[in-house]
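The values are calculated or read from the model by the stated rules, or taken from the named source; none is laboratory data. All values derive from a computational prediction rather than experimental measurement. Please note: Cβ atoms are built from the backbone with ideal geometry, for glycine as well, and neighbour counts cover all protein chains shown. With ligands, DNA and RNA removed, areas are computed over all heavy atoms of the protein, side chains included. Shrake-Rupley method; radii C 1.70, N 1.55, O 1.52, S 1.80 Å.
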Amino acid sequence: KFWVGKLEKEFFHQGDLEKDAGLPISPLMDRSKPGPSNGGNQAGFFEVIVVPTISLWQTLFPGSADKLQQQTLLSMRFWKSSEHVDRHSDVASEF
């Protein structure tokens, strides 16, 4: 959660800069919408990017990332169970 909070802070800052410049605000960078600390967004990131990458790595190099794959699946389950976490949760407010 710590790193997701830092990422969200950076993303929202980028969105503020885009808004101030009159540009469209990039996805996940708009403060008025759910950001990276939203459980659904994190679960989607794991499903689309992290799990396929780790799975491919395991296919290419069997046994090389067993613990990483286990932790990845645990993390994905955590974020899936937190899908309705508000973007202003304790993660974002720590910063």
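Annotations for the structure displayed:
- In segment 11-70, the C-alpha radius of gyration followed by the widest Cα-Cα span (Dmax) gives 16.5, 49 angstrom.
- Leu56-Arg31 pseudo-label distance in nm [points 7 Å out on the Cα-to-Cβ vector]: 3.6
- Potential lengthening of the chain between Gln71 and Gln14 amounts to 17.5 nm, from the contour at 0.36 nm per residue minus the alpha-carbon distance.
- Calculated accessible area for the chain comes out at 68 Å² per residue, all protein chains present (probe 1.4 Å; ligands, DNA, RNA ignored).
- Taking amide hydrogens as placed 1.01 Å from N in the peptide plane, the amide H of Ile25 sits under 5 Å from that of no residue at least 5 positions away in sequence or on another chain.
- Subtracting the Cα-Cα distance of Ile49 and Lys80 from 0.36 nm times their residue separation leaves 9.7 nm of extension gain.
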